[in-house]
Amino acid sequence: MPILGLKPSSEPTKPAHFDIEKVIRPNILALHPYRCARDDYQEGILLDANENALGHSLEPSCQIPPELRDTLNARLNRYPDPSHDEIKTRIATLRGLPSEKHVFLGVGSDEVIDLIMRVCVTSRTGKDLDYPSDIWHVHGLCSGEGGERGRFSLPVDSVGLFSYPTQVRWIVVVDEAYIDFAGQEASAVSLINDYANLCVMQTLSKSFGLAAIRLGIALAQPPLIRVLSNAKAPYNISAPTAHLALAALEPAAIQGMRDKIRTLLASRDKLKASLESLADLGVGKSIGGNDANFLVIPILDPTTGAPDNSRSARVYKTLAEEKGGDESWVVVRYRGGEPGCEGCLRMTVGSEEENAMLLKRLARVLAS
């Protein structure tokens with residue numbers, strides 16, 4: 001069954017054994033995407049979408065934070081662009097892909113994950129979605145907690161990351177939320193041209209510092225992108241999000257992002273060295289590849305030297321709830337319940353002042 005909205009291609013599929021039409025649920029392949037007049041025309045007198053032609057109802061007297069007042073100029077009474085091709089084109093250029101047809105935009109990476117499961121996973125009961133048997137959400141390449149880059153729960157060979165037995169029809173989803181901290185050479189995006197069963201997720205939340213706008217990205221070959229686009233909710237990306245994303249992808253903003261990454265990487269290395277100096281208090285060496293803007297640190301039993309979930313949880317709670325003098329509360333994340341992360345706290349690299357307060361508080365809590 002052909003994918004609606006996708007022109008037939010005479011180019012061979014890579015890898016040859018993969019057939020996306022056998023992976024996507026039949027009812028999704030038959031799904032007609034939501035279309036509106038705005039898909040075809042976006043200029044002129046717009047009387048197609050039953051919008052409020054008189055504008056929004058927010059008055060100057062309304063309690064709107066000053067930093068958000070300029071948002072009211074973004075024609076909020078109009079539905080946003082259904083496709084956001086300009087944003088997609090800039091992302092494709094940034095990541096070295098041929099065109100916007102390789103890019104899907106979601107409300108955070110969460111929507112991308114949800115959509116992939118919805119279009120691929122068939123319920124074992126026929127009712128509710130069961131645990132996905134054909135989808136592997138791989139936290140790898142640069143973001144694994146407790147793992148090392150290149151170590152995956154997948155049948156990989158020594159030649160290529162995505163070399164499978166011919167009978168395998170998986171879609172592999174690689175989460176690259178932190179890829180800009182690891183370097184573009186670590187990205188799986190370069191494999192997209194050769195692997196139709198590969199989807200790479202990225203985001204503007206981390207390196208771009210735009211977590212609040214909730215823009216997730218899927219990068220893949222056009223057939224999968226078309227399927228996701230057919231299945232997504234109408235107008236899923238808001239106008240304010242689109243405006244900010246477009247600005248963030250301008251050359252000056254991209255350079256600013258890279259400058260901040262260099263600062264954060266230097267701060268991360270300094271924080272890592274400072275945490276290692278607390279070894280006598282039971283701070284273990286960071287685990288994982290350390291290719292992101294955080295560190296995963298085991299808190300150890302002072303007697304045995306083994307990772308200690310109970311002590312780690314107490315440290316987490318004390319840092320967040322107790323303080324004294326000129327100190328501040330410090331909120332990190334307890335990860336002791338995750339595989340390979342026994343006794344661990346995850347610590348985001350903050351500003352110089354925030355990192356200093358973290359070290360001060362941590363030393364005091366561990367010594368008490």
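The values are calculated or read from the model by the stated rules, or taken from the named source; none is laboratory data. What you see is a predicted model, and the numbers here were worked out from it, not measured in a lab. Cβ: placed from backbone, ideal geometry, glycine included. Neighbour counts: every protein chain shown.
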* Asked: Among the residues of the range 307-328, is there at least one that is farther than 23 Å from residue 178 by Cβ, touching a Pro at 6+ places or on another chain (Cβ under 6 Å) and either not assigned by TED's automatic domain parsing to the domain that holds residue 178 or not in a helix (DSSP H, G or I) (or both)?
  -> yes
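Residue under question is residue 285, and the condition is that it be part of a loop (DSSP other than H, G, I, E, B), on the phi < 0 side of the Ramachandran plot, touching a strand residue (DSSP E or B) at 6+ places or on another chain (Cβ under 9 Å) and at pLDDT 95 or above; does it hold?
yes
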* Determine, yes or no, whether residue 231 is within 30 Å of residue 11 (Cβ to Cβ) and either loosely packed, with under 15 Cβ neighbours inside 10 Å or touching a Pro at 6+ places or on another chain (Cβ under 8 Å) (or both). => yes
* Asked: Quick one: would you say residue 144 is outside any helix (DSSP H, G or I), at pLDDT below 85 and either in the same structural domain as residue 238 (by TED's automatic domain parsing) or touching a strand residue (DSSP E or B) at 6+ places or on another chain (Cβ under 9 Å) (or both)?
  -> yes
* To do: Test residue 190 against the stated conditions and say whether it is assigned to a loop (DSSP other than H, G, I, E, B) and either among the small types (Gly, Ala, Ser) or modelled with pLDDT of 90 or more (or both).
  => no
* Only one of (1) part of a helix (DSSP H, G or I); (2) buried (at least 18 other Cβ atoms within 10 Å of the Cβ); (3) of a type in the set (A, V, I, L, M, F, W, C); (4) at pLDDT 95 or above fails for residue 97. Which number is that? -> (1)
* Asked: Could you list, in sequence order, the residues of the range 1-42 that are assigned to a helix (DSSP H, G or I) and either touching a helix residue (DSSP H, G or I) at 6+ places or on another chain (Cβ under 6 Å) or without any contact (Cβ under 8 Å) to a residue 12 or more places away in the chain (or both)?
  -> 20, 23, 27, 28
* To do: For the range 266-282, enumerate the residues that are free of Cβ contacts under 8 Å to residues at least 24 places away in the same chain and in a helix (DSSP H, G or I).
  => 266, 269, 272, 273, 276, 279, 280
* **Filter pass, residue 263 being polar (S, T, N, Q) and not in a loop (DSSP other than H, G, I, E, B)** => yes
* To do: Go through the range 1-23 and count every residue that is surrounded by 12 or more Cβ atoms within 10 Å (Cβ to Cβ), touching a Pro at 6+ places or on another chain (Cβ under 9 Å) and under 22 Å from residue 232 (Cα atoms).
  => 6
